[in-house]
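The values are calculated or read from the model by the stated rules, or taken from the named source; none is laboratory data. Quick caveat, the model's predicted, so the values are computed rather than measured. Virtual Cβ from ideal backbone geometry, glycine too; neighbours counted across all protein chains shown. Note: accessible area is taken over every heavy atom of the protein model, side chains too, but ligands, DNA and RNA are not part of it. Shrake-Rupley method; radii C 1.70, N 1.55, O 1.52, S 1.80 Å.
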Amino acid sequence: MTQTRVVQVVDGGKGLELVERDLPTAGRGEVLVRVEACGVCHSDAFTVEGWMPGIVYPRVPGHEIAGRIEAVGEDVVPWEVGQRVGVGWFGGNCGHCDPCRRGDLISCVNGLVPGIAYDGGYADHVVVPQGALASIPDELSAQDAAPLLCAGITTFNALRESGARPGDLVAILGIGGLGHLGVQFARRMGFETVAIARGTDKREQALALGAHHYVDSTGSDVAEALQALGGAVTILATVTAPDAMSAAVGGLRPRGRMVVVGASGDPMQIPPFALIPGSTGVVGHASGTSKDSEDTLRFSVLQDVRPTIETYPLERAAEGYARMMSGDARFRVVLTTGA
Ligand SMILES: [Zn+2]
Ligand SMILES: [Zn+2]
């Protein structure tokens with residue numbers, strides 16, 4: 001085979017189109033992955049809508065890639081042809097900047113993101129640096145593994161590094177692609193888990209996923225509802241609406257933290273006095289490295305965490321992307337290649 005299918009963006013805001021391209025080859029330190037499934041993340045909008053300056057078009061979006069190694073380039077160790085692998089937001093680091101030299105690979109100032117820095121997973125094949133690879137356990141299908149590689153690792157890693165301990169009250173703000181996994185991780189990490197979403201539509205699903213409590217943010221004051229439960233040690237903010245985040249900050253227990261993972265460019269307004277009396281804080285959290293992805297996948301097998309997905313074949317990627325952007329997907333859209 002010398003041709004392969006990709007779904008590319010010709011220019012920001014111009015939509016997605018399926019085209020055939022020459023099959024790429026793996027260079028030194030790279031592997032060619034046969035893509036089996038690729039999740040559709042809200043951050044794909046950076047590429048599709050042209051929200052991020054500096055993207056070189058045409059570009060293939062997609063950073064929730066699950067597949068199998070089809071070829072390895074020179075100097076690739078220990079990865080082998082045939083191995084099941086995934087690639088997430090962390091698509092490689094430089095190895096020589098200050099954060100890299102301190103071992104903080106996710107903070108690499110030259111970090112590469114698939115679908116932004118190089119062509120991503122809306123395709124039959126993708127070429128990635130070997131450092132971006134995570135091993136996929138046999139127990140996970142490619143379709144289930146894909147969303148765990150961005151939505152999953154982001155919530156898993158943010159929660160396990162939040163400082164919350166078993167039994168602590170932890171709230172997941174927003175029950176969508178990220179939040180529905182956040183609820184499962186929080187419950188299975190031993191936290192008293194609160195799901196917060198707009199309306200009552202998601203109540204049953206949130207409880208079924210493991211939430212002990214459900215708060216309808218349209219029908220009650222979120223901060224008051226959390227305080228009535230004792231106050232949250234951690235609020236994991238997965239929504240992309242800063243207003244919803246600021247409305248929840250008052251629900252933190254003294255010394256509590258809101259951990260922000262919902263990517264938005266809009267400003268968040270928080271009165272300083274909302275933070276001072278309880279010494280509370282708002283912090284961001286970057287997803288994690290390829291090794292953190294492996295931890296996420298292994299924990300998901302161990303504790304039976306799975307994404308709830310809607311699948312679309314690769315040729316209907318534009319439809320799948322629109323479905324994700326509508327906010328109506330339950331809960332993650334995944335593209336499948338038929339491989
Ligand atoms: Zn993502
Ligand atoms: Zn670096």
Quiz item: Roughly how many debye, to the nearest 20, is the charge dipole of the chain about its Cα centre, given +1 on each Lys and Arg Cβ, -1 on each Asp and Glu Cβ, and no other charges?
Solution: 700
Self-check item: Fluctuation leader among Ala195, Ala244, Ala171 - the chain, Gaussian network, Cα springs under 10 angstrom
Solution: Ala244
Practice problem: With all distinct Cα pairs included, what does the Kirkwood hydrodynamic radius of segment 162-284 come out to in Å, to one decimal, could you say? | Solution: 13.9
Practice problem: Considering only protein heavy atoms, with the full assembly of protein chains and a 1.4 angstrom probe, order His285, His212 by accessible area, largest first. | Solution: His212, His285
Quiz item: In segment 75-183, which trypsin sites (Lys or Arg not before Pro) fall in coil by DSSP and have 11 or fewer other Cβ atoms within 10 Å?
Solution: Arg102
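Taking the DSSP beta bridges in the chain as the whole, what percent of them are antiparallel, to the nearest 5? Kindly include the intermediate steps, with their values, before the conclusion.
On the way: 31 of 59 bridges.
Around 55 percent antiparallel, to the nearest 5.
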Exercise. Could you state the accessible area per residue of segment 162-284 in Å², with a 1.4 Å probe and every protein chain left in place?
Key: 44
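Please report the orientation-averaged projected area of the chain, defined via the convex hull of its C-alpha atoms, in nm².
With the hull built on Cα positions only, its mean projection is 16.6 nm².
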Self-check item: Gain upon complete extension [Asp104, Val283; 0.36 nm per residue less C-alpha separation]
Solution: 62.7 nm
Quiz prompt | Most to least accessible of Thr25, Thr193, Thr311 (protein chains only, probe 1.4 Å) | solution = Thr25, Thr311, Thr193
Practice problem: Just grab the label-to-label distance for Asp201 and Asp328, each label 7 Å out from Cα along the Cβ direction, in nm (one decimal). | Solution: 0.8
Quiz prompt | Net dipole in debye of segment 162-284 [+1 Lys, Arg Cβ; -1 Asp, Glu Cβ; about Cα centre; nearest 20] | solution = 400
Self-check item: Where labels lie 7 Å past Cα in the beta-carbon direction, separation of Ser141 and Ala318 in nm
Solution: 2.8
Practice problem: State, to one decimal in nm, how far the label point of Thr311 lies from the label point of Gln83, with both points 7 Å from Cα in the Cβ direction. | Solution: 2.5
Quiz prompt | Estimated FRET transfer efficiency when R0 is 56 angstrom, pair Arg165-Val56 (beta carbons, to 0.05) | solution = 0.80
